[in-house]
1. Cα gyration tensor of the chain, axes a ≥ b ≥ c as square roots of the eigenvalues: rounded (a/c below 1.5), prolate (a/b > b/c) or oblate?
2. Please order 521, 403 by the number of other Cβ within 10 Å, starting at the fewest.
3. May I ask you to sort 44, 239 by Cβ crowding, counting other Cβ atoms within 10 Å and putting the fewest first?
4. Compute the semi-axes of the equivalent ellipsoid of the stretch 440-503, taking the square root of 5 times each eigenvalue of the Cα gyration tensor, and list them largest first in whole Å.
5. Once you sort the root eigenvalues of the Cα gyration tensor of the stretch 540-598 as a ≥ b ≥ c, which label holds: rounded (a/c under 1.5), prolate (a/b larger than b/c) or oblate (the other case)?
6. In which sequence would 384, 541, 610, 39 go, from the one with the fewest C-beta neighbours within 10 Å to the one with the most?
7. I want to check the label-to-label distance for residue 216 and residue 309. Put each point 7 Å from Cα in the C-beta direction and report it in nm to one decimal.
8. Against the longest alpha carbon principal axis of the chain, how many degrees, from 0 to 90 and to the nearest 10, is the axis of helix 485-503 turned?
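Where a number appears in this text, it was derived from the coordinates with a stated rule and is not lab data. The shown structure was predicted, so the numbers you read here are calculated from the model rather than taken from an experiment. Counting neighbours? That spans all protein chains shown, and the Cβs are built from the backbone with ideal geometry, glycine included.
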């Protein structure tokens, strides 16, 4: 197992002590805080549980929606899920801060309008089994639930976890002198370790690993900690079957299954925000490899049957753009709403998308611009790296399979140094959000020196039970993900504002116009136009491709005795563009004068609207 993974992904171990961390709440205190928040605002905040963790702890969810014209379950909704990874307690605080800001500003005109037209589903503590790793020692980044997993296949479970050898309450790093090792002490800063560069004639002098001993005496260190699986890696998109901690199959863990079950039952979610280790508004999402999100450039080889149907050549490679040009003016192109490249890709077998669609990326970039302005205004770093959401993680599943707009925000990260880095430093492994690193980068060291003197543990000599001499030290395991109370409050407040901003950009449909023209003999022509008043379209491009949601439907409802002479009572549109995009339908109706009809625009995730019209 890679060293930084062993340190970051270790699960629950026997807990030696508990301590308060200013600005952060333990799971039990968080439960009480959420319950009280719901109790004090019971007319528009409801608390429930979407399931239980592996240990039987509740996965709390707060549904936030003030009374309004449309029922909460039919409004465009935002799902906010925090700390599924277990050690991202700053995400929990950001989710709670968002709830508290809604309460504080509920009478503000803009927030009041959101509460009456949107629904918010907020789950601040999605990995209860690992949540308290910040408060209980020895401290290290716990991610695993309390399931049982024999990682080293020796018939024992959880027998070789980390050990606090210098009794400082933290699990940091351990270096052991070894001529076969890959590491040397950094000549620029003796606190740091770096890999030896054979191209420069450098020879390694140390091997490095997480702090601990060989408890089961099999020659390996910390390879089988207590705990089971990582719920944050147990979703279907790019799920890693080679990693035992990702679970035996996607959705195998109660936490991930509960989240998926809830979301599948709540298709009104138009946007999801995951508070986790990555930030795809600071760094645009790149996907999991394979083809790009640009469907048009995807290359496919046509089978004989499809080639015959299209008039193209069998077993020849074409791009989706080339096939689309052939089909768009053919009978196949005359489908309601028009032929799309997504539909062509499905028809010819273009395969699943593995990177965000280029059209969807435009909206991510638009949100990123505003988000960075909020960070800059608050004095937070908007230029640091954001990293990428993890394979098998919630954000990727939300976008690629649930097919909604989904962002992951890390709330806070170590700021970049103002000064340029000296030449050659690029070879040093950088600190990874959510994963840690074997040695910190210059940004981390600069931050420690300026703002977190206790963020580095000095190298201390220890002797292992077998007599091996070693040294223990390095970066505090929570340094890069747990800002101090003042920084946390500032960052959480900014992210509450960002959520309010993004919620205001959701698609929102309305009936814009209905025209009735009497043609004589009790026949009426009814024309209706629905508009999307929101900024976002009613569907992502991925959603159109996967058809995971029902399309927008413009419908007509007739009273008893009236008949539809021409047209379907329902006109579907897969995607109504934002900022005033429209969809239209025309019907011929036979009815007596004075009859009342209802025209409706219905969607799963952009709301609904109705208008009653008298035929005359």
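1. Values: a/c = 2.42, a/b = 1.80, b/c = 1.34.
Cα axes put the chain in the prolate bin.
2. In order of increasing Cβ crowding within 10 Å: 521, 403.
3. Working: 44 18, 239 21.
Least crowded to most crowded, the residues run 44, 239.
4. Details: eigenvalues 268, 33, 17 Å².
In descending order the semi-axes read 37, 13, 9 Å.
5. Numbers: a/c = 3.48, a/b = 2.52, b/c = 1.38.
It is prolate, given that a/c is not under 1.5 and a/b is the larger ratio.
6. Values: 384 19, 541 25, 610 15, 39 10.
Starting with the residue having the fewest Cβ neighbours, the order is 39, 610, 384, 541.
7. It is 5.3 nm.
8. Helix 485-503 sits at roughly 20 degrees to that axis.
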